[in-house]
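Participant: The structure follows.
The values are calculated or read from the model by the stated rules, or taken from the named source; none is laboratory data. Please read these numbers as outputs of a predicted model, since none were measured by experiment. All Cβ positions, even for glycine, are placed from backbone atoms using ideal geometry, and neighbour counts span all protein chains on display. What goes into the accessible areas is simple: the full protein's heavy atoms, side chains included, and nothing from ligands, DNA or RNA. Shrake-Rupley method; radii C 1.70, N 1.55, O 1.52, S 1.80 Å.
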Amino acid sequence: MILEAINQASRLWAQRTAMVIDGQSYSYSQLFSIVDQVYSKLANIDSGVIGIVSGNNIGTYASILAVLYAGKTYVILSPDFPEQRNREISRQAAIGHVITPSGLEPNNDATYYAPEPVATCANAYIIFTSGSTGHPKGVPISRANLDAFYQAYSQLGWKLDEHDRMLQMFKLTFDVSVVSFLYPLTLGASVYTVPDEGFKYANVLDVLDTYHITFAAVAPSVLRLSRPFFDRLLLPHLKYMVVTTEATEASLIADFKSCIPNAQVVNLYGPTECTIYCTAYFLPTQGSPKQHNGLLCIGRPLKGMKSLIIDENGKLANHDEKGELLMSGPQVMSGYLNDASKTQEAMTWIHGTRYYRTGDICYYDESGEIYCLGRKDMQVKIQGYRIDLGEIESRAKAYFMGKRNAVMVAVKCSGQLTELHLVVEGKPCDPVGVMHYLAMHVASYMMPKQVHFIDTFPLNANSKIDRNKIKEIIIS
C-alpha cells in the first residue's frame, strides 16, 4: 500500500532528490537516514501515539515517516498553537512520547532505504479540527482509510513520475499536507515545501516559479491574494494545479489560466473525516467549467466512495434538489476520538450502508456530478425565512465581477440571529452600488444591514478564510 510504495521508490531512487526545504535538497537516502535514527528509538518506546512538534525541516517529515513505519500513530503539535490547545490535544490523544525533530540531520556515510513497515492495526494519524464546543475534535484516520485513499487517488489518471516536482504548501496540522508530502514519495518524485517566514502566498509563487513545479495543490486564498500579479506570472512547467480546501470561484480560475498555459486544473473536495479528498472534478481544457452561482462543481466520488444527497426530511433528493451530502466508503473514519455522541450525530445508516453526514448543502446535475452550495450551518433563519448565506455571497462577488471576495456574517442580537452583514475584501468603496445590485437579485429579507470592508481577509492555519475572525472584527 502507500508505505510499501514509498519503500519501493526509496530503493529505486535512493540518490534522487526527495525533498527541497528552504533551498536545501535531501536525497531519498538522506531522508531515510533520519527516518532510521527515529525509527530505531521508537522501537524502545511502548506508547502507540507519538506527538511530533512540527516545523519546516527535514527532521519533522522524517519523523512522520518513522512513526508510520514503526506501526504507531502520529499527532502533530504546532508551535503556532496556544500551549493550552496542544495540552488538550495531547490529553485527548493520550500522547505517550513527543519528538522535537528540528535538530535531526542526515547521515551521508551510507545508503539508506525505507524500512519494512510494522504490521499493525493502529491509526496512521489523528487530525484535530475545531469543535463546536470550543475544544479540538479528534479525527483518527486508520491505515486502512489512508491506503484506500491512496488507491483511489492514484487512479485519478495523473501522468506523474520520478521526474516531477511537487508542492507542499500546507500546515502539517491540516490533512491535505499528508497527500502533498506522502504521494510524491510513492513516485520517486521531489517534494518542495514553502518557507514559513514572510507572506505565504508570495512564498508559494516564488517556489512555483523558481523550482519549475509541475504539480501544485493550492488553497484558493493563495490565488486570490496573488491576483494583482497575474499579468506578471507565467508557470509553463505546471502540469496539474489542484484547487482545494474551500469553494473556488470559476472566475478566479479563468483569470489565472493565462499563468498556467499547460496545466490541467482539478477541483478536489473532501472533509477530514473522509480522508483528505473524496470527490474530484477535472475542469475541461476548452470551454467553461461546470459551476453554480460562480462556484466550481466538485465532480464525482473517488473510486470506492459513494455519495447520497438527502433533503430536510431525510429523503433522497432528486436531481437539482438541494440537500445534505452524505459520503460512504473505505475512506470514512470509524468515528471521532473518544466521542461516541458526536460520532452518532455524524453517521447515519441508509439501506444498510453507513454514511458520514458532511454538513455541506449540495445537489446533483443530470449527469450525476455534484455541486456544493455551502455549509448547512451557513443557513440561518430571519423572520421565519431560511436563508443560505452562500447565495448572497455569490451575488456580491458577481457585482465585483469576481475581483473581490465577499463573506456574509449573521450577527446575534438579544440571543437571536436578526442581522446580516456583508464583508468585502479590499479597499473601501461606495457600498450603495452593491446594495442596489443585491436588491435587484435577492429577497428583501436577505439584504444585509451594513457593508463592511477589510483590506485582506484573515486566514486560519489551513489557509481558509477565517469567518469567525471576520465576525470578531466587524463586531468590535
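Participant: Is one or more of the residues making up the range 300-318 open to solvent by less than 30 Å² (accessible area, probe 1.4 Å), on the phi > 0 side of the Ramachandran plot and not aliphatic (A, V, I, L, M)?
Facilitator: If we filter the range 300-318 for residues that are open to solvent by less than 30 Å² (accessible area, probe 1.4 Å), which is where we start, we get 302, 305, 307, 309-310, 317.
Within this subset, residues satisfying the condition of being on the phi > 0 side of the Ramachandran plot are none.
Checked against the condition, which is being open to solvent by less than 30 Å² (accessible area, probe 1.4 Å), on the phi > 0 side of the Ramachandran plot and not aliphatic (A, V, I, L, M), the range 300-318 yields no hits at all.
Participant: Residue under question is Gly103, and the condition is that it be more than 30 Å from Arg11 (Cα to Cα), of a type in the set (Gly, Ala, Ser) and surrounded by fewer than 22 Cβ atoms within 10 Å (Cβ to Cβ); does it hold?
Facilitator: On the way: more than 30 Å from Arg11 (Cα to Cα): no; of a type in the set (Gly, Ala, Ser): yes; surrounded by fewer than 22 Cβ atoms within 10 Å (Cβ to Cβ): yes.
No: the conditions fail for Gly103.
Participant: Looking at the range 35-44, is at least one residue among the small types (Gly, Ala, Ser), touching a residue at least 12 places away in the same chain (Cβ under 8 Å) and open to solvent by 30 Å² or more (accessible area, probe 1.4 Å)? Explain how you work it out, then say what you get.
Facilitator: Filtering the range 35-44 down to residues among the small types (Gly, Ala, Ser) leaves 40, 43.
Among the residues that remain, those that are also touching a residue at least 12 places away in the same chain (Cβ under 8 Å) are: 43.
Among the residues that remain, those that are also open to solvent by 30 Å² or more (accessible area, probe 1.4 Å) are: 43.
Looking for residues that are among the small types (Gly, Ala, Ser), touching a residue at least 12 places away in the same chain (Cβ under 8 Å) and open to solvent by 30 Å² or more (accessible area, probe 1.4 Å), one finds at least one in the range 35-44, hence yes.
Participant: Just for the range 60-93: of the residues that are of a type in the set (Gly, Ala, Ser) and out of contact with any helix residue (DSSP H, G or I) (no Cβ under 6 Å at 6 or more places or on another chain), which one is most open to solvent (accessible area, probe 1.4 Å)?
Facilitator: Residues of the range 60-93 that are of a type in the set (Gly, Ala, Ser), as a first pass: 62-63, 66, 70-71, 78, 90, 93.
Subsequent filtering for residues that are out of contact with any helix residue (DSSP H, G or I) (no Cβ under 6 Å at 6 or more places or on another chain) retains 71, 78, 90, 93.
Numbers: Gly71: 11, Ser78: 10, Ser90: 34, Ala93: 8 Å².
Ranking the candidates gives Ser90 first.
Participant: Do we find a residue being closer than 26 Å to Leu3 by Cβ, assigned to a strand (DSSP E or B), among the polar types (S, T, N, Q) and at pLDDT 95 or above anywhere in the range 195-217? Write out each step before concluding.
Facilitator: Initially, the range 195-217 is screened for residues closer than 26 Å to Leu3 by Cβ, giving 213-217.
Subsequent filtering for residues that are assigned to a strand (DSSP E or B) retains 215-217.
Filter again for among the polar types (S, T, N, Q), leaving none.
No, because not a single residue in the range 195-217 is closer than 26 Å to Leu3 by Cβ, assigned to a strand (DSSP E or B), among the polar types (S, T, N, Q) and at pLDDT 95 or above.
Participant: Considering Pro101, Pro115, which residue is in a loop (DSSP other than H, G, I, E, B), in contact with a helix residue (DSSP H, G or I) (Cβ under 8 Å, 6 or more places away or on another chain) and over 17 Å from Ile52 (Cβ atoms)? Please lay out each step first, then the result.
Facilitator: Values: Pro101 fails: over 17 Å from Ile52 (Cβ atoms).
Going through Pro101, Pro115 in turn, just one is in a loop (DSSP other than H, G, I, E, B), in contact with a helix residue (DSSP H, G or I) (Cβ under 8 Å, 6 or more places away or on another chain) and over 17 Å from Ile52 (Cβ atoms): Pro115.
Participant: Same structure, new question: If a residue must be closer than 16 Å to Asn107 by Cβ, assigned to a helix (DSSP H, G or I), out of contact with any strand residue (DSSP E or B) (no Cβ under 6 Å at 6 or more places or on another chain) and among the polar types (S, T, N, Q), how many such residues does the range 24-72 contain?
Facilitator: Counting residues in the range 24-72 that are closer than 16 Å to Asn107 by Cβ, assigned to a helix (DSSP H, G or I), out of contact with any strand residue (DSSP E or B) (no Cβ under 6 Å at 6 or more places or on another chain) and among the polar types (S, T, N, Q) gives 5.
Participant: Something else: If you take the residues of the range 338-381 that are within 21 Å of Asn267 (Cα to Cα) and among the small types (Gly, Ala, Ser), which of them is surrounded by the fewest Cβ atoms within 10 Å (Cβ to Cβ)?
Facilitator: Ser367
Participant: Please name all residue pairs, on different chains or six or more residues apart, with Cβ atoms under 6 Å, provided the first residue is in the range 264-292 and is more than 30 Å from Asp339 (Cβ to Cβ) and modelled with pLDDT of 95 or more and the second residue is of a type in the set (A, V, I, L, M, F, W, C) and surrounded by fewer than 18 Cβ atoms within 10 Å (Cβ to Cβ).
Facilitator: That search, which allows pairs on different chains as well, returns Val266/Phe282.
Participant: With the requirement that a residue be at pLDDT below 90 and closer than 15 Å to Arg395 by Cα, what does the range 413-431 give you?
Facilitator: Leu420, Pro431
Participant: May I pose another question? Please work out which residue is surrounded by the most Cβ atoms within 10 Å (Cβ to Cβ), limiting yourself to the range 419-476 and to residues that are in a strand (DSSP E or B) and more than 25 Å from the chain's Cα centre (by Cα). Break it down stepwise before answering.
Facilitator: To start, the set of residues in the range 419-476 that are in a strand (DSSP E or B) comprises 419-425, 450-454, 459, 465.
Retained after the next criterion (residues that are more than 25 Å from the chain's Cα centre (by Cα)): 419-422, 450-453.
On the way: Glu419: 14, Leu420: 20, His421: 18, Leu422: 25, Gln450: 14, Val451: 20, His452: 16, Phe453: 15.
Looking at residues that are in a strand (DSSP E or B) and more than 25 Å from the chain's Cα centre (by Cα), I get Leu422.
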